[in-house]
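Only one structure is covered here, and it is reproduced in the block below.
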Amino acid sequence: MAGLARGSARALLAALLASTLLALLVSPTRGRGGRDHGDWDESSLLPPLPPREDAARVARFVTHVSDWGALATISTLEAVRGRPFADVLSLSDGPPGAGSGVPYFYLSPLQLSVSNLQENPYATLTMTLAQTNFCKKHGFDPQSPLCAHIILSGTVTKVNETEMDIAKHSLFIRHPEMKTWPSSHNWFFAKLNITNIWVLDYFGGPKIVTPEEYYNVTVHWKMSCGDHLVQLHCIAEDTQAQGGKVIWSQSHSK
């Protein structure tokens with residue numbers, strides 16, 4: 001009888017755990033990877049994550065709010081030649097509220113990743129919301145798909161003269177320390193020419209987004225500077241000039 005009771009108890013516990021797990025996986029609740037993914041607090045200065053159903057918009061969002069990413073290249077170091085080599089690089093796709101979707105970098109020939117790129121320009125860039133307060137706030141492990149991250153693959157190239165000012169402004173406004181980095185390191189501006197995109201923001205595997213879908217996303221960001229609400233397009237520098245508090249909201253149109 002005791003064995004039968006223990007068996008019944010185990011069966012009941014297994015049934016309860018199965019139903020709880022199923023609810024967590026399929027329930028589209030706010031803040032748990034379902035529709036709208038939940039919102040950031042205004043104090044975080046970040047807008048709400050787009051609906052997970054819109055993978056292209058999620059990809060653009062993650063790129064824009066990311067200040068750094070892990071860039072994987074093919075190593076030229078003799079000890080690990082031909083093997084994957086990853087490094088963390090600062091980046092920016094534009095001033096706050098005016099992201100273009102293009103990841104820009106400020107690089108030096110002294111960096112190991114740059115040595116790799118000079119021999120083989122192909123690279124893969126990963127960016128994650130783990131660098132914001134979103135995942136910690138909702139209890140998502142950085143590896144969890146609910147802690148949205150994206151993977152961009154393509155080639156890294158120097159920007160041309162026409163794009164130089166855009167890259168410089170995009171990076172220096174979000175990474176002002178770069179202005180003081182020693183000129184003897186021969187810094188230059190580069191970008192990732194995206195050919196493939198994967199979005200991991202929910203269970204069921206990655207979503208594939210084409211570069212055309214990615215760049216065709218139209219996102220409008222709004223900024224509150226003191227008592228003034230303005231539509232923000234490449235005027236993020238006004239935030240510093242006015243010393244106003246930035247509060248982000250998002251509207252979008254297709």
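The values are calculated or read from the model by the stated rules, or taken from the named source; none is laboratory data. Because the structure is predicted, anything quoted here is derived from the model rather than measured. The area values use the complete protein model at the heavy-atom level, side chains included, leaving out ligands, DNA and RNA. Shrake-Rupley method; radii C 1.70, N 1.55, O 1.52, S 1.80 Å.
A few remarks follow.
- For Val159, the amide hydrogen comes within under 5 Å of the amide hydrogens of Phe189, Ala190, Lys191, counting only partners 5 or more places away or on other chains and with H modelled in the peptide plane.
- For the stretch 60-218: accessible area per residue (Å², 1.4 Å): 47
- Taking amide H as placed 1.01 Å from N in the peptide plane, the amide H of Ala98 sits under 5 Å from that of Cys234, each at least 5 places away or on another chain.
- Here the 3J(HN,Hα) profile of the stretch 212-217, calculated from phi with Karplus coefficients 6.51, -1.76 and 1.60 at θ = phi - 60°, is 5, 4, 4, 7, 7, 5 Hz, Gly and Pro shown as x.
- Cut-off under 5 Å, modelled amide H: who pairs with Arg52 long-range: Asp36, His37
- Averaging the Cα positions of each part gives two centres, and for the stretch 49-80 and the stretch 128-185 these lie 8 Å apart.
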